[in-house]
Amino acid sequence: EEKETQQRGIIFVNNNGNNPEIRQFDRVLVGKIAHSLQHEIPIIIGALYILHIPRLLVVFMNVIKHVLGSGISKQMKVVGGSNQMILQKLDKHGMYKEDMPVDIGGDLKYDNESWVRQRVEAES
């Protein structure tokens, strides 16, 4: 909506929960999302932060980045460690605790139903 956002791009934060297991990783879904971001959705991606990634998957991140292409791979950042460490790392990139959801230790109380309702009203 904002001109600056359109120019600088959207920041995605993917939180995989606490200590996810490799079996929870859906390769098909990731492929569909990557395809959509590259070829279907007309947005600029400013950055993609992946939080709480399975330990084994860290090994494969270089392969995944290669598959996604150079544009997205430069913007993709894997952020691990405790919630406190994640918040500190995100803070260094201008993403502050008050803007992060409570499930990773932030202050933002996200209500999906309310957000959808606001978006529907804004589009009406």
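From the phi of every residue in segment 77-83, what ³J(HN,Hα) in whole Hz does the Karplus formula 6.51 cos²θ - 1.76 cosθ + 1.60 yield, where θ is phi - 60° and glycine or proline is x?
Rounded to whole hertz, the list is 10, 9, 10, x, x, 5, 4.
Considering only protein heavy atoms, what is the solvent-accessible area of residue 110 at a probe of 1.4 Å, reported in Å² to the nearest 10?
140
Run the 1.4 Å probe and let me know the accessible area of residue 33, rounded to the nearest 10 Å².
Here the accessible area works out near 90 Å².
What do you reckon, how do 41, 104 stack up by accessible area (1.4 Å probe), largest on top? Mind showing how you got there, number by number?
Working: 41 75, 104 0 Å².
Order by accessible area, largest first: 41, 104.
For residue 14, enumerate residues with amide H under 5 Å from its amide H, sequence gap 5+ or separate chain, H modeled in the peptide plane.
49, 50, 51
Give me the accessible area of residue 102, 1.4 Å probe, in Å² rounded to the nearest 10.
80
The values are calculated or read from the model by the stated rules, or taken from the named source; none is laboratory data. Just so it is clear, the model here is predicted, and its values are computed rather than measured. Note: areas computed on protein heavy atoms with side chains; ligands, DNA, RNA excluded. Shrake-Rupley method; radii C 1.70, N 1.55, O 1.52, S 1.80 Å.
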